[in-house]
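Working notes for the structure below.
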Amino acid sequence: MKSIFIFTIYVLFSLAGLTLIKMGGNSSGYTIKMLQFNVSIKTIAGLFFYGMSFLWYVFFISKMQISLVMPILTAINTCAVIAIGILVFGEKLNFGQLLGLGIIIVGVFLLGVFSK
């Protein structure tokens, strides 16, 4: 149960960080232009959250079986980022992307089933 809590915190920090970094890069107002990218308060907050997710990630993989945890963390985070892209940014997925997402989900399921 503790692992699920730590994993959830990792995913939430990662999603918040990525979302804020994207929003900050596209924002106007109080920004600093760097290398064709806007750095705003959202960008800085996003970097903070993403940095926190990295710390949780390091903690999580140091305590668990890396050959199982790493693919699962990556796959779930990828699926969550795709959901944020669709729900928050209005992005669309084509058939190939949906097929790839399905393959990721099946792969994570198989990892879980055959790791026991």
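The values are calculated or read from the model by the stated rules, or taken from the named source; none is laboratory data. Keep in mind it's a predicted model, so treat the numbers as computed, not measured. In this analysis, Cβ positions are derived from the backbone assuming ideal geometry, glycine residues included, and neighbour counts consider all displayed protein chains.
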Could you check residue 86 against (1) farther than 13 Å from residue 11 by Cα; (2) touching a Ser or Thr at 6+ places or on another chain (Cβ under 9 Å); (3) of a type in the set (A, V, I, L, M, F, W, C) and say which number it fails?
(2)
Tell me which residues, restricted to the stretch 53-68, are out of contact with any Phe, Trp or Tyr (no Cβ under 8 Å at 6 or more places or on another chain), of a type outside the set (Val, Ile, Thr) and either in a helix (DSSP H, G or I) or loosely packed, with under 13 Cβ neighbours inside 10 Å (or both).
54, 55, 59, 62, 63, 65, 67, 68
Could you say which residue among 5, 48, 13 is at pLDDT 85 or above and out of contact with any helix residue (DSSP H, G or I) (no Cβ under 7 Å at 6 or more places or on another chain)?
48
What tally of residues in the stretch 69-80 results from selecting those that are surrounded by fewer than 16 Cβ atoms within 10 Å (Cβ to Cβ) and in contact with a Ser or Thr (Cβ under 9 Å, 6 or more places away or on another chain)?
1
Could you please find all residues in the stretch 86-104 being of a type outside the set (Phe, Trp, Tyr) and touching a helix residue (DSSP H, G or I) at 6+ places or on another chain (Cβ under 9 Å)?
88, 91, 92, 93, 97, 101, 104
Right, residue 29: out of contact with any Lys or Arg (no Cβ under 6 Å at 6 or more places or on another chain), in a loop (DSSP other than H, G, I, E, B), farther than 19 Å from residue 108 by Cβ and modelled with pLDDT of 85 or more or not?
no
Pairs returned, first residue in the stretch 91-116 that is under 20 Å from residue 68 (Cα atoms) and free of Cβ contacts under 8 Å to residues at least 12 places away in the same chain, second residue that is surrounded by 12 or more Cβ atoms within 10 Å (Cβ to Cβ) and of a type in the set (D, E, K, R), beta-carbon separation under 8 angstrom, 6 or more apart or interchain, are none
